[in-house]
1. What are the pairs, 6+ residues apart or on separate chains, where a residue within region 126-153 that is on the phi > 0 side of the Ramachandran plot has its Cβ under 9 Å from a residue that is surrounded by fewer than 14 Cβ atoms within 10 Å (Cβ to Cβ)?
2. Would you mind finding the one in Lys5, Lys11 that is exposed (fewer than 10 other Cβ atoms within 10 Å of the Cβ) and in a helix (DSSP H, G or I)?
3. Just a yes or no: is a residue in region 104-126 buried (at least 20 other Cβ atoms within 10 Å of the Cβ) and not in a helix (DSSP H, G or I)?
4. Out of Lys79, Lys65, report the one residue that is touching a Ser or Thr at 6+ places or on another chain (Cβ under 7 Å) and farther than 25 Å from Leu149 by Cα.
5. Would you check which residues across region 47-70 are surrounded by 14 or more Cβ atoms within 10 Å (Cβ to Cβ) and either among the aromatic types (Phe, Trp, Tyr) or in a helix (DSSP H, G or I) (or both) and list them?
6. I'd like the full set of residues that are free of Cβ contacts under 8 Å to residues at least 24 places away in the same chain, of a type in the set (A, V, I, L, M, F, W, C), under 18 Å from Lys110 (Cα atoms) and surrounded by 11 or more Cβ atoms within 10 Å (Cβ to Cβ), limited to region 30-46.
7. Is there a residue in region 138-147 that is assigned to a loop (DSSP other than H, G, I, E, B), at pLDDT 95 or above and either of a type in the set (Val, Ile, Thr) or under 19 Å from Asn24 (Cβ atoms) (or both)?
Amino acid sequence: MDQNKIFAGRKYAEYIRDFTSLGNPFILLSIAFLVAGATQAYAIILLGFVLNEVTCSTIKYYFPKARPNQQSYETGLEKIDAGSFPSIHASRLSFVMFSLISLTTFLPYKILFGLMMLIVGYSRIFLKKHFFVDVVSGYAFGALLFLVLSNFW
């Protein structure tokens, strides 16, 4: 194979890994704070974030589904991390991004938040961390959580 194609493939994978980090809790909560500020809406986003983590982690613990890359585990926390269903990255992105979309009136931000959600979902599949159904289920759970909690701001 041509060395340039190998290099380009590695760079693409590196960029995709960078995009998947948008699902990192600290990055997401920082973005949410920049948009919502110290408001009741941000407090509800924090609550939803915790509910999302606990619920999805519980599902992964009691109903383990192997990741595409077959990650092994020995402890309970490793078991959660090794689980594929649902994608916690996708569920937290969906919840936070739908929250931010509802809080802003600036159309370019709404589009950006929607694209962030889709790119991270794609990255999880590309990096062989999740199957398509795991990502879609994560999106659905995050959207449901948003629909329930958005009534409180």
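The values are calculated or read from the model by the stated rules, or taken from the named source; none is laboratory data. This structure is a prediction, so every number in the text was calculated from the model and none was measured. In this analysis, Cβ positions are derived from the backbone assuming ideal geometry, glycine residues included, and neighbour counts consider all displayed protein chains.
1. Once the first residue is on the phi > 0 side of the Ramachandran plot and sits in region 126-153, its partners that are surrounded by fewer than 14 Cβ atoms within 10 Å (Cβ to Cβ) give Lys128/Asn69.
2. Lys5
3. no
4. Only one candidate qualifies: Lys65.
5. Gly48, Phe49, Leu51, Asn52, Glu53, Thr55, Cys56, Ser57, Ile59, Lys60 - these are the residues of region 47-70 that are surrounded by 14 or more Cβ atoms within 10 Å (Cβ to Cβ) and either among the aromatic types (Phe, Trp, Tyr) or in a helix (DSSP H, G or I) (or both).
6. Matches in region 30-46: Phe33 only.
7. No, region 138-147 has no match at all.
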